[in-house]
Amino acid sequence: MTDSGELRRENHALRGLVSAYRHVSSLAVQDAGMETVAEVIAERVDANVAVVDEKLSVLAAAPADGAAWVAGVIGDHSAHPRLTQVVGVAARTRRAVRLPRVSDAAPLIVAPIVVGDDVPAYLLTLHDGGDDAGEDLRLLLTEHAATICGVILGRERVVAAAATQVRNDLMEGLLSGNGSDPEEVQRWARHLGYHEDTPHRVLSIVLDIDDNELTGRICVAMERFVTTRVPEAITAVRGREVAVVVPEPDPAVRRAEQLAHTCVEHAPHLLGNAVATVGIGDACHSATGIARSYDGARRALDITQRMGRTGTAVAFEDLGIHRLLLEVADPAELRDFVREVFGDLDTPGRGNMAEYLATLSCYFRANNSPQRASQILHVHPNTVSYRIHRVQEMTGLDLGSYRDRLLAQVALEILDAVAGPAEAS
């Protein structure tokens, strides 16, 4: 009679296990999350159930009000080195492992949640019933539930990857200007969260990274940094570039420019000693203007890099005449023009020649006023006049002539653009 009673109990337990397997398995084909799996397991095995990540942070827990209790139990076990060992064994073997009662800590079952070749999370079953009856069934059910969680998590990753790909494709269409139908472009933009009633600017953030293997991670980290600063920004990672469409409801605040400078400052704190150079496009007032703003951002970026000023942020609208000067494909042609205007006056190392050019530049910016230029340079007005006279003597320029004055101003702008501030001054 005893054997018959035990057999009936075993059969009842097995039927319950099969029923639980079917219930949990059905969740994989439903629109269920890991929270639902945890709830089902908690009800079936009369235990507290938790899904935790690699750092043992609780992602889901059941009963719903048991998250704090689960975290406390995990904390009790974390004080004991065996928990880390058990988690490591579960990750290596891809099998559930039982951790028996340790001091006052409840017995624990750890089952790895496997997605592909990774173990991004674990399913924990914490039973504090005071006995080990049915522990084998709990172990089997916990392991099966972890498998279903892996299916759900894998599905979520696939959906997230697909959504990211669609988002990137839409962003690519907006940036490239490939959409021929304005209404279609507007639909693309609306899907990405673009609001037609708000002006936007496009940033092109290019990262120079020492370690090419870290490129992807660093660009994603920069993208995440941008979205934490401006949650409504529309972003896309394109190789070493992070393209950002920034809403700018108040043009006086220049929000896009502030974000660009913040990104430049933040880049060295990323992995790989990253250096960020940012181009800022003009404001666009419709979705069809995004491509034009992006083109301006890329041109500003290109000009900035050609000027040797990586690690800075530059707005296309602030480049002035440099936009035209640096359209010349060969910088050597620009230097030839400078030599034609100034001779060898701009040659480095020629004593106070560089000082004369710096004075001439300041003189032009002061609207040809020796008095205002002298105040900026902190010298006597006669000193300014003398240096301007010497420039005319050595170059043959007549600064009273509009044509010669224009040639000199353009040559100075070229020096500023191609040589950079140090050489130009």
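Bear in mind that the values in this text are calculations on the coordinates, not laboratory data. These numbers come from a predicted model, not from an experiment. Neighbour counts run over all protein chains shown; Cβ positions are idealised from the backbone, glycine included.
In whole Hz and in residue order, list the ³J(HN,Hα) couplings for the range 356-363 that follow from phi through the Karplus curve 6.51 cos²θ - 1.76 cosθ + 1.60, θ = phi - 60°; x for Gly and Pro.
Here the 3J(HN,Hα) series is 5, 5, 5, 5, 4, 4, 5, 4 Hz.
Can you work out ³J(HN,Hα) from phi for every residue in the range 186-194, in order, using Karplus 6.51 cos²θ - 1.76 cosθ + 1.60 and θ = phi - 60°, giving whole Hz and x for Gly and Pro?
Going residue by residue, I get 5, 5, 4, 5, 4, 4, 8, x, 7 Hz, with x marking Gly and Pro.
Mind jotting down the distance between the C-alpha centroids of the range 132-171 and the range 212-258, whole Å?
When both Cα centres are located, 30 Å separates them.
Quick one: which residues, 5 or more positions from Ala60 or on another chain, have an amide H under 5 Å from its amide H? H modelled 1.01 Å from N in the peptide plane, none for Pro or chain starts.
Hits under the 5 Å cutoff: Val51.
Please list, ordered by chain and number, the residues whose modelled amide H lies under 5 Å from the amide H of Ala121; skip anything fewer than 5 residues away on the same chain.
Residues meeting the criterion, in which the H sits 1.01 Å from N, are Ile113.
Once phi is turned into θ = phi - 60°, what whole-Hz ³J(HN,Hα) does the Karplus curve with 6.51, -1.76 and 1.60 give for every residue of the range 294-299, x standing for Gly and Pro?
Result, ordered by residue: 5, 4, x, 4, 5, 5 Hz.
Classify the range 214-287: rounded, prolate or oblate, from the alpha-carbon gyration tensor (a ≥ b ≥ c, eigenvalue square roots; a/c under 1.5 rounded; otherwise prolate if a/b is larger than b/c)?
Prolate, because a/c is 1.5 or more and a/b exceeds b/c.
Using bins 5 angstrom wide from zero, how does P(r) for the range 351-406 break down, in % of all Cα pairs?
Pairs per bin, as whole percents: 4, 21, 34, 26, 13, 2.
Given points 7 Å out from each Cα along the Cα-Cβ axis, report the Arg405 to Ser385 separation in nanometres with one decimal.
Placing both labels 7 Å along Cα→Cβ, they lie 1.7 nm apart.
Simple spin-label model, 7 Å along Cα-to-Cβ: Ala162 to Arg240 in nm?
Going from the Ala162 label point to the Arg240 one covers 3.5 nm.
Please arrange Ser369, Ser57 by how many other C-beta atoms lie within 10 Å of their C-beta, fewest to most.
Least crowded to most crowded, the residues run Ser57, Ser369.
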